[in-house]
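One structure is given here, and the rest of the page talks about it.
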Amino acid sequence: MAQGTITLFTRFSEVLGEGGHNLSSDSFKVMLIDNTVVATASDANADASLYTEVSGTNYTAGGQALTMSWDKVSNTMYFNVTSGSSSWTSAAGAPTNIYQAIVYNTTTTEDNAVGFVDMTVDGGVTPLNLASAGITMTYNPALF
C-alpha cells in the first residue's frame, strides 16, 4: 500500500504553465522506482528517466497507464487521476525494492514527471516488497 500522498514536482507546475502538459490529451503513467535516485519536490529536471525503475515478475516496464483531469471546486483547482487505482499482484521474483512511485507524462520527452509518492513502510527506510504482498494505489485529488 502507498504510504503517502502525491507530492508534485515544482518543475511540473512550471512546465504546465509553459504549456508543456495537456491534461486533456497527453498520456500519463505511474512507475515504481528504487532508491538509486530519491525524488524530491525540488528536482531541477523533473524527468522520469532520471530515476531507476524496478523490474521483476508482475511489473511491466514503464508502469501502468493513468487517466488524468482537472476539476474546479469552489475556485480551487484539483489534479485528479480518474482511472481508479493501480494494482500489482504479489509473485515470486517480483520487485523487492520499491521506494517511490513516479507519475509522469509519456507524451512529453523532457521534464515529464508530475509527482511522486513515498512507497516505503516507514518513511524512507524499508521498501515495499512485491514478492511478499500485492500493492494497490488509490488516488486522491492533488490540490493546486
### Note, ³J(HN,Hα) from phi for region 21-27, Karplus 6.51, -1.76, 1.60, rounded to Hz, x at Gly and Pro
10, 10, 5, 8, 10, 6, 9
### Task
Express in nm, to one decimal, how much length is gained between residue 71 and residue 138 on full extension, taking 0.36 nm for each residue of separation and deducting their alpha carbon distance.
22.4 nm
### Summary
For region 66-144, the per residue accessible area (1.4 Å probe, Å²) is 47 Å²
### Task
Quick one: which residues, 5 or more positions from residue 106 or on another chain, have an amide H under 5 Å from its amide H? H modelled 1.01 Å from N in the peptide plane, none for Pro or chain starts.
27, 28, 29
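Counting helices only, and only those DSSP H runs with n ≥ 4, report the 222 nm mean residue ellipticity of the chain as the sum of -39,500 (n - 2.57) divided by its residues, in deg cm²/dmol to the nearest 500. Write down the numbers at each step before the final one.
Working: 1 runs with 8 residues, N = 144.
It lands at -1500 deg cm²/dmol.
Report, to the nearest whole %, how much of the accessible area of the chain belongs to carbon and sulfur atoms, 1.4 Å probe, protein only.
Values: 3460 of 7020 Å².
C and S fraction of accessible area: 49 percent.
Can you give the direction-averaged projected area of the convex hull of the alpha-carbon atoms in region 1-99, in nm²? Don't jump to the answer; show the numbers that get you there.
On the way: hull surface 29.3 nm².
About 7.3 nm², averaged over all directions.
The values are calculated or read from the model by the stated rules, or taken from the named source; none is laboratory data. Since this is a predicted model, take the numbers as computed values, not measurements. We work out accessible area using only protein heavy atoms, side chains counted, and drop any ligands, DNA or RNA first. Shrake-Rupley method; radii C 1.70, N 1.55, O 1.52, S 1.80 Å.
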